[in-house]
Amino acid sequence: MSQPFQWPDPVWLANLPESEKAVARTRLLIGLAGLYASQTGTIAALSSSMGMHYSQLGAIRSIGRISPEVSIRLENMLGRELFPRETFRPDIFSIKG
């Protein structure tokens, strides 16, 4: 079995102060997930697809921390091939080869 895909960090992310990286990376990943979830690519469409209120996903973007439960929901909805839970929470989930 191959390892799940990991989105590479964009160059601009490396230039941010450490204190801003987590929030910026979370916003990027939620944005990518939104684009894959619906044609509009909005947070409202993504949260609706997940059965969440858009303010919940908006709060996640603001604080820069996706819960393990939401990571799993995103993986289940969008597919492990491109959006494995490890992408959203590498501090909790590890990639097994």
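FYI, it's all coordinate maths here, none of it is from the lab. In this text the structure is predicted, and so the values were computed from the model without any measurement. Methodologically, a virtual Cβ is constructed for each residue, glycine included, from the backbone with ideal geometry; neighbour enumeration extends over all protein chains shown.
Quick one: putting +1 on the C-beta of Lys and Arg, -1 on the C-beta of Asp and Glu, what dipole do you get for region 7-97 around its Cα centre, in Debye to the nearest 20?
Details: 10 positive and 8 negative charges, 22 e Å.
For region 7-97, the charge dipole is close to 100 debye.
Taking the dipole about the Cα centre of the chain, with the C-beta of Lys and Arg at +1 and of Asp and Glu at -1, give me whichever of 93, 14, 43 is farthest to the positive side.
Sorting the options by dipole projection puts first 43.
Below 14 angstrom from the Cβ of residue 10, what's the summed charge of the other residues (Lys, Arg +1; Asp, Glu -1)? Could you put the intermediate results ahead of the total?
Details: positive: 21, 25, 27; negative: 9, 20.
Net of charged neighbours comes to +1.
Do the sum for the chain: with -39,500 (n - 2.57) for every DSSP H run of n ≥ 4, divided by all residues, what is the mean residue ellipticity at 222 nm, to the nearest 500 deg cm²/dmol? Don't jump to the answer; show the numbers that get you there.
Numbers: 6 runs with 57 residues, N = 97.
-17000 deg cm²/dmol, from helical runs alone.
Report ³J(HN,Hα) in whole Hz for each residue of region 81-86, in order, from the Karplus equation J = 6.51 cos²θ - 1.76 cosθ + 1.60 where θ = phi - 60°; Gly and Pro get x.
So the Karplus estimates, Gly and Pro as x, are 4, 10, 10, x, 4, 4 Hz.
Could you calculate the contour length gain from residue 23 to residue 42, that is, 0.36 nm times the residue separation minus the distance between their Cα atoms, to one decimal place in nm? Don't skip to the answer; put the middle values down first.
Working: separation 19, 0.36 × 19 = 6.84 nm, distance 1.77 nm.
Residue separation times 0.36 nm, minus the Cα-Cα distance, leaves 5.1 nm.
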